[in-house]
Amino acid sequence: MKSCRLYLILVSAVLLLSLQVPAQDRIPRVVQEPPRVFIDCHQCDMNYIRSELSFVSFVRERNEADVHILITIQRTAGGGREYTLNFIGRNNFYDVHHTLKYVSSNMDSADIERKGLVRVLKVGLVPYLAKTDLGDYLRIDFEKRLPPAEVEDPWNFWVFNLGMSGSLSGEETKNFFSLHSNLSAGRVTERLKFRSGLSGYFNSSRFKVTEDDVTTIITSHQNSFSLSTLLVYALNQHWSVGGWFGVSSSTYNNINLNVNPAPAIEYNYFPYSESTRRQLRFLYRVGFNLNYYREETIFDKMREALLGETLSVTLEIKEPWGNVYASLEGFHYFHDFGKNHLTFNTSLNLRLYRGFSVGISGRFAKIKDQVYLAKGDLSLEDILLQRKALATAYSYGISLGVNYTFGSIYAGVVNPRFGN
C-alpha cells in the first residue's frame with residue numbers, strides 16, 4: 001500500500017496516457033496482450049469510456065477480467081457527485097489494488113464529468129499497464145499548476161433547491177390533476193450535516209358515471225405537506241449524534257397536524273470513510289408525537305401526545321460479486337408496547353457465474369401502531385379511490401429476476417449507429 005500511495009502522489013496531477021510514440025522512437029517488438037478490464041458501474045457512460053480507453057480490452061464479465069474496477073457514486077453536499085473507483089487486480093495482477101476518487105461539481109456538464117472520470121480511470125490503470133510490455137509505450141506529462149488559492153465561499157457551504165411539478169390528464173369521463181412542490185436547504189461538512197426540506201402535494205380526481213340515464217359525478221381530493229429537518233454531528237469514525245424534527249399533515253392518514261422531534265444516536269461498525277463499500281449502522285432514536293386529527297380516531301381521540309422509540313439496523317455491502325442491502329426497524333409507543341411495528345427491507349444482487357446473475361428484493365411490515373385511523377366505516381368510494389388509510393396487520397412486497405448473458409467476452413467495440 002505504501003508503494004501504491006507513493007505512486008498515486010506522483011500522478012496526482014493530470015496524467016496523460018499515450019500508447020503511441022513517434023515512429024522513429026518505436027522499437028519493433030511483440031506486445032503482450034493488454035489487460036482485460038471489467039468496469040462495474042451502472043451510471044457511467046460506457047460507450048465514451050470504451051472509446052477513450054482503447055489501450056485495454058473490455059470484457060462484459062468480471063470473471064474474465066484481469067482488472068475489476070468497482071465504481072460507487074454518492075451525492076456531495078454541493079449537489080455534485082463523488083466517484084469512488086476501486087481497482088481490483090486479478091490473475092497476473094492479483095497484488096495490485098488501490099482506490100481513487102473523482103468529485104464533480106454541480107455546475108459540471110455531463111461531458112466535463114465523464115472526461116474527469118476517464119482521466120482518473122487512466123491514472124488508476126497505469127500500475128497494471130506498467131507490468132506489461134505496454135509499459136514501454138507510456139508517456140507521463142505533468143501540468144504545471146499554481147498553488148490553490150484560498151476560496152471564499154459567499155454561501156458558506158449552504159445549498160438550496162426549489163422545485164415544482166404538476167400533471168394533468170383526462171378523458172371524456174374522467175380527469176386527474178396533481179401538483180407537487182418542494183423547497184430544501186442543506187449544509188454538509190466533514191463534521192456536521194444539516195438538511196431541511198418543505199414539500200407539499202395536492203391530487204384531484206373527477207369521474208363521471210352514467211347508469212340508467214343518470215349521471216353521477218364523483219370527486220376525490222388528497223393533500224399533504226411536510227417539513228423535515230435533520231441535524232447530525234460526527235463524533236468520530238464510528239459514532240454520530242443528532243436528530244430529526246418534523247411537522248406534517250395528511251388527509252390520507254387523518255392527520256391535521258403532527259409535530260415530531262426525535263433525538264438519535266448512531267454507531268457504524270465500519271469506519272464512515274468506507275461507507276461507499278460497506279456500512280453496518282445501528283440507529284436508536286426517541287420520538288415525541290403531538291397529533292391533531294381531522295376526524296375522531298378509532299381510539300376516540302381528536303388529539304394526543306405520544307412518546308415512542310425506534311431501533312434500526314442497516315447493512316449495505318458493495319463488492320465485485322454483487323450488492324447487499326438489508327434493514328430491520330422496530331418501533332413501539334411507551335404508553336402501550338402493543339402498539340408497535342416491525343419493518344424489514346432487503347435487496348440482493350448476485351453474480352453467480354459467468355454471465356448469470358440473480359436479483360431479489362423484498363419488504364415486510366408487521367403493523368400494530370395505526371393510532372391515526374379515522375373512526376367509522378369507510379365508503380366504497382374511499383376504499384377504491386384510496387382517500388383514507390385502511391386498517392391492516394401487515395404489508396409486503398417481493399420481486400425476483402434472473403439474467404443470463406453468453407457469447408463473446410469482449411465488449412470494447414463502440415458503434416452508435418441507429419442508437420443503442
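Bear in mind that the values in this text are calculations on the coordinates, not laboratory data. The structure presented is a predicted model; accordingly, all values stated were derived computationally and were not measured. Note that each Cβ is placed from the backbone with ideal geometry, even for glycine, and that neighbours are counted across all protein chains shown.
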**Prompt:** Which residue, GLU274, GLU266, GLU190, tops the fluctuation ranking in a GNM of the chain built on C-alpha contacts under 10 Å?
**Reply:** GLU190
**Fill in**
For LYS174, the lysines lying under 23 Å Cα to Cα, once residues fewer than eight places off in the same chain are dropped, come out as LYS208, LYS388
**Prompt:** How much space per residue, in cubic angstrom, does the convex hull of the C-alpha atoms of the chain take up?
**Reply:** 217
**Prompt:** What's the local net charge at VAL324, with K and R +1, D and E -1, over the other residues with C-beta under 13 Å away?
**Reply:** +2
**Item:** Relative packing of 379-391, 305-317, which averages over residues the other C-beta atoms within 10 Å, highest first
**Value:** 305-317, 379-391
**Candidates ILE398, ILE367, ILE255: whichever shows maximal mean-square fluctuation once the chain is modelled as a Gaussian network with Cα springs under 10 Å** = ILE398
**Request:** Provide the net charge surrounding LYS208, with neighbours chosen by a C-beta distance below 10 Å and charges set as Lys +1, Arg +1, Asp -1, Glu -1.
**Result:** 0
**Asked** Where Lys and Arg each count +1 and Asp and Glu each count -1, what net charge lies around ARG75 among other residues with Cβ under 15 Å from its Cβ?
**Response** +2
**Crossing angle, helix 110-130 versus the chain [Cα axis fit, 0-90 degrees, rounded to tens]** = 50
**Fill in**
Ranked by GNM mean-square fluctuation in the chain (Cα springs under 10 Å), the top entry among ALA326, ALA110, ALA234 is ALA110
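In deg cm²/dmol and to the nearest 500, what is the mean residue ellipticity at 222 nm of the chain if only DSSP H runs of at least 4 residues count, each as -39500 (n - 2.57), divided by the residue total?
It comes out at -3000 deg cm²/dmol, rounded to the nearest 500.
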**Request:** Run the numbers on region 362-409 and let me know its relative contact order in percent, using alpha-carbon pairs under 8 Å that are six or more apart.
**Result:** 55
**Asked** When only C-alpha pairs under 8 Å and at least 6 residues apart count, what is the relative contact order of region 158-404, in percent?
**Response** 11
**Asked** Relative contact order for the chain using alpha-carbon pairs under 8 Å, separation at least 6, rounded to a whole percent?
**Response** 10
**Item:** In nm, spacing of pseudo-spin labels at ASN403 and ILE217 (7 Å Cα→C-beta vector)
**Value:** 4.9
**Asked** Considering only LEU192, PHE202, HIS180, whose Cα is most displaced toward the positive end of the charge dipole of region 172-227, charges sitting on Cβ of Lys, Arg (+1) and Asp, Glu (-1)?
**Response** LEU192
**Request:** Towards the positive end of the charge dipole of region 158-404, with charges on Cβ (+1 Lys, Arg; -1 Asp, Glu), say which of ILE360, VAL324, VAL286 has the farthest Cα.
**Result:** VAL324
**Request:** Can you find, among THR99, VAL214, LEU385, the residue farthest towards the positive end of the dipole of the chain? Put +1 on the C-beta of Lys and Arg, -1 on that of Asp and Glu.
**Result:** THR99
**Prompt:** How many percent of Cα pairs in region 158-404 exceed 29 Å?
**Reply:** 48
**Prompt:** Given that compact globular proteins tend to follow 2.2 N^0.38 Å, what is the ratio of the alpha-carbon Rg of region 194-266 to that value?
**Reply:** 1.85
**Asked** Among the lysines, which fall within straight-line cross-link reach of LYS122, defined as a Cα-Cα distance under 29 Å, with same-chain neighbours fewer than 8 residues apart omitted?
**Response** LYS2, LYS101, LYS131, LYS144, LYS318
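Out of all DSSP beta bridges in the chain, what portion is antiparallel? Express it as a percent rounded to 5.
That works out to approximately 95 percent antiparallel.
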**Asked** Quick one: GLU113, GLU319, fewest Cβ neighbours within 10 Å first, how do they rank?
**Response** GLU319, GLU113
**Asked** Ratio of Rg to Rh for region 136-269, alpha carbon only, Kirkwood?
**Response** 1.26
